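First the structure, in the form of structure tokens, and then the observations on it.
The values are calculated or read from the model by the stated rules, or taken from the named source; none is laboratory data. These numbers come from a predicted model, not from an experiment. Here the Cβ positions follow ideal geometry from the backbone for every residue, glycine too, while neighbour counts run over all protein chains shown. Please note that ligands, DNA and RNA were not included when accessible areas were found on the heavy atoms of the full protein model with its side chains. Shrake-Rupley method; radii C 1.70, N 1.55, O 1.52, S 1.80 Å.
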Amino acid sequence: MPKRALLMHEGDDVVTVIEAVAAGETVRVATKAGAYACELVSLEDVPRFHKVCLSPLAPHDLVRKYGEVIGEATAPIERGAYVHTHNIASLKTGVRA
Amino acid sequence: MRGYRRPDGRFGIRNHVLVLSSVGCANMVARRIAESVPGCVALENSKGCGQVGSGREIMRRCLLNLADNPNVYGTLVVGLGCETMKPYELAAAMREAGDKPVEVITIQDCGGTVAAIEEGVRLARGLAERAARVEREPMGLGDLVLGTNCGGSDATSGLAANPVIGRVSDAVVAAGGTVMLGETTELIGTEDILAARAATPEVAEDIYRIVHGLERSFTEAGVDVHGANPSPGNMAGGLSTLEEKALGGISKGGSSTIRQVVAYGERPSERGLVIMDTPGYDIESVSGMCAGGAQALIFSTGRGTPIGNPVMPVIKVTGNCETYARMPVNIDFDASGAVEGTSTIDELGAELLGLLERVANGEQPAAEALGMNDFSIFHNQELWCTCLP
């Protein structure tokens, strides 16, 4: 059984897994309305309700969820990679050095 | 729905006698009085003295407006006697502002705590006896001012709990009522979306003013918000950035036009969706909405939080089925069906609206039944010692 993930808005760069995913497992992505969107293979272990990358990102690329910008990539992120504080950052907060 | 009609025509969904402490020094006396008289709730004060500038104004506005909350039948102000928040002057201003009964004592004038408790109990009993004679009358959903708040958020808050609350917010607004969206830190990154929904250019300007003003004060103070917001628990729950948390958060206000931006603890003059400039700290945010006249508040929590409020019932909603299973004593509503795909946001919204109506009619949500009476008024200016590391 593939693991389940939610795509909150068309064009989002990330999906939210709704069960924990292990590296190498297939993730079936559904839209908010429950329609099939796509499948991808997770490259890493991802905890429940955390995010997986859908479209590859380069450093400083904007990251979208809910159809809106949630921050920028701070490292290259491949499709299927775990997306969290280690590779994306807020554009709005933090004292910039 | 049935509520308690107040002299100004608004409806309370509770009929409390408020025992309001004008300063922390009077908290124990206020608590003892309220514990001794059924029908009373104590509001303990985290400050009330040693306050300067806008901190003093915020405290005064909130104390006056708390007595004005429709869930309050009447108020007993309990002071020490020498505090910045002059208790007799507060009581006089409350009487002037409305037709509700107001009594006042100070510990110094009563001759100590024992005498103050005795006199306070006597006055509170008189208020409670009169309050008990008020009966519920028919009221509508449009008579509600509904507060909203997020606390202990995780990724499910934005996926399920907040959108479900948003459906209730839309229903209240459509009925002619008022909904409050707050937590200005958690509006950062959503200001363009919110401003585009503003009723007038002035409201849009106010939205930018509070959000950009807060960002500027963080920068000027050299403070990195990250780590405090998102909090460690937010991040463990899958929220990576403040923008992500905020985008998930604003959906609890629903989708209607934003009519007004009000200051912390200020009563809105407009109906419909309003933004209150509140801090991200839940207890202060909820307390500010209570001062602003909310009779009930719906609170989304992914990780689970027990907090309540002494004056208004707080309804807890989670989108995380594990949290619902782990903390059933503290959570009222499970919205996780929207994550699991077993229910829709609309279905859950209708169900939550039913719960809100039952709570308005007297059903106690978890926080109220457990006596969770968390309360704190935001105090912003602390200049009395350097407190340097």
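Could you count how many residues in segment A:14-32 are in a loop (DSSP other than H, G, I, E, B) and open to solvent by 20 Å² or more (accessible area, probe 1.4 Å)? If you could, list the steps in order and put the result at the bottom.
From segment A:14-32, those in a loop (DSSP other than H, G, I, E, B) are A:18-20, A:22-25, A:32; that's our starting set.
Still in the running and open to solvent by 20 Å² or more (accessible area, probe 1.4 Å): A:19-20, A:22-25, A:32.
The total comes to 7.
Please state which of the following conditions B:LEU20 fails to meet, knowing it meets all the rest: (1) closer than 21 Å to B:ARG133 by Cβ; (2) under 22 Å from the mean Cα position of the chain (by Cα).
For B:LEU20, the exception is condition (1).
Residue check, B:VAL121 against (1) open to solvent by less than 10 Å² (accessible area, probe 1.4 Å); (2) over 22 Å from B:ALA294 (Cβ atoms), all met but one. Which one?
Only one criterion is unmet by B:VAL121, namely (1).
Which ones in segment B:179-203 are at pLDDT 95 or above, outside any helix (DSSP H, G or I) and open to solvent by 10 Å² or more (accessible area, probe 1.4 Å)?
Within segment B:179-203, B:ARG197, B:ALA198, B:ALA199, B:THR200 meet the criteria.
Which members of segment B:219-271 meet the condition of being at the interface with chain A (Cβ under 10 Å from one of its Cβ atoms), in a loop (DSSP other than H, G, I, E, B) and of a type outside the set (A, V, I, L, M, F, W, C)?
Across segment B:219-271, the qualifying residues are B:GLY222, B:ASP224, B:HIS226, B:GLY227, B:ASN229, B:PRO230, B:GLY237, B:GLY238, B:SER240, B:THR241.
Return the only residue of A:ALA35, A:ALA73, A:ALA5 being open to solvent by less than 30 Å² (accessible area, probe 1.4 Å), over 22 Å from B:PRO230 (Cα atoms) and within 13 Å of another protein chain (Cβ to nearest Cβ). Even if it seems obvious, please write down each step before you answer.
On the way: A:ALA35 fails: open to solvent by less than 30 Å² (accessible area, probe 1.4 Å); A:ALA73 fails: over 22 Å from B:PRO230 (Cα atoms).
Just a single option satisfies the conditions, and that option is A:ALA5.
When you scan segment B:26-36, do you find a residue that is in contact (Cβ under 8 Å) with a residue 40 or more places away in the chain and among the polar types (S, T, N, Q), even just one? Let's see the steps before the verdict.
So the first thing to find is which residues in segment B:26-36 are in contact (Cβ under 8 Å) with a residue 40 or more places away in the chain, and the list is B:26, B:28-30, B:32-34, B:36.
Applying the additional criterion that residues be among the polar types (S, T, N, Q) yields B:36.
The answer is yes; a qualifying residue exists.
Against the definition (part of a loop (DSSP other than H, G, I, E, B) and either modelled with pLDDT of 95 or more or out of contact with any Leu (no Cβ under 9 Å at 6 or more places or on another chain) (or both)), how does B:THR278 come out, yes or no? Give the derivation first.
Details: part of a loop (DSSP other than H, G, I, E, B): yes; either modelled with pLDDT of 95 or more or out of contact with any Leu (no Cβ under 9 Å at 6 or more places or on another chain) (or both): yes.
Criteria met by B:THR278.
When you scan segment B:264-283, do you find a residue that is buried (at least 18 other Cβ atoms within 10 Å of the Cβ) and over 29 Å from B:PRO201 (Cα atoms), even just one?
yes
Which of (1) without any contact (Cβ under 8 Å) to a residue 24 or more places away in the chain; (2) in contact with a Pro (Cβ under 8 Å, 6 or more places away or on another chain) is the odd one out, the single condition B:THR75 does not satisfy?
(1)
Yes or no: B:GLY126 surrounded by fewer than 21 Cβ atoms within 10 Å (Cβ to Cβ), among the small types (Gly, Ala, Ser) and assigned to a loop (DSSP other than H, G, I, E, B)?
Working: surrounded by fewer than 21 Cβ atoms within 10 Å (Cβ to Cβ): yes; among the small types (Gly, Ala, Ser): yes; assigned to a loop (DSSP other than H, G, I, E, B): no.
Answer is no for this residue.
Please give the number of the condition A:VAL52 fails out of (1) open to solvent by 20 Å² or more (accessible area, probe 1.4 Å); (2) within 14 Å of another protein chain (Cβ to nearest Cβ); (3) part of a strand (DSSP E or B).
(1)
Taking the criterion of being within 14 Å of chain A (Cβ to nearest Cβ), more than 25 Å from B:VAL41 (Cα to Cα), among the polar types (S, T, N, Q) and crowded, with 23+ Cβ neighbours inside 10 Å, would at least one residue in segment B:159-167 satisfy it?
Yes: one or more hits.
Just a yes or no: is a residue in segment B:347-358 out of contact with any Leu (no Cβ under 8 Å at 6 or more places or on another chain) and either buried (at least 24 other Cβ atoms within 10 Å of the Cβ) or not in a helix (DSSP H, G or I) (or both)?
yes
Any idea how many residues of segment B:313-332 are buried (at least 24 other Cβ atoms within 10 Å of the Cβ), under 30 Å from A:ALA35 (Cβ atoms) and not aliphatic (A, V, I, L, M)?
The number of residues fulfilling the criteria is 4.
Looking at this structure, is B:GLY176 assigned to a loop (DSSP other than H, G, I, E, B), modelled with pLDDT of 95 or more and either within 14 Å of chain A (Cβ to nearest Cβ) or in contact with a helix residue (DSSP H, G or I) (Cβ under 9 Å, 6 or more places away or on another chain) (or both)? Lay out the reasoning, then the answer.
Numbers: assigned to a loop (DSSP other than H, G, I, E, B): yes; modelled with pLDDT of 95 or more: yes; either within 14 Å of chain A (Cβ to nearest Cβ) or in contact with a helix residue (DSSP H, G or I) (Cβ under 9 Å, 6 or more places away or on another chain) (or both): yes.
Criteria met by B:GLY176.
Would you point out the residue of segment B:68-88, among those that are in a helix (DSSP H, G or I) and open to solvent by 10 Å² or more (accessible area, probe 1.4 Å), that is farthest from B:GLY24 (Cα to Cα)?
Pass one, segment B:68-88, residues in a helix (DSSP H, G or I): B:68, B:87-88.
Now narrow it down to the ones that are open to solvent by 10 Å² or more (accessible area, probe 1.4 Å): B:68, B:88.
Working: B:ASP68: 21, B:TYR88: 16 Å.
Only one residue fits best here, namely B:ASP68.
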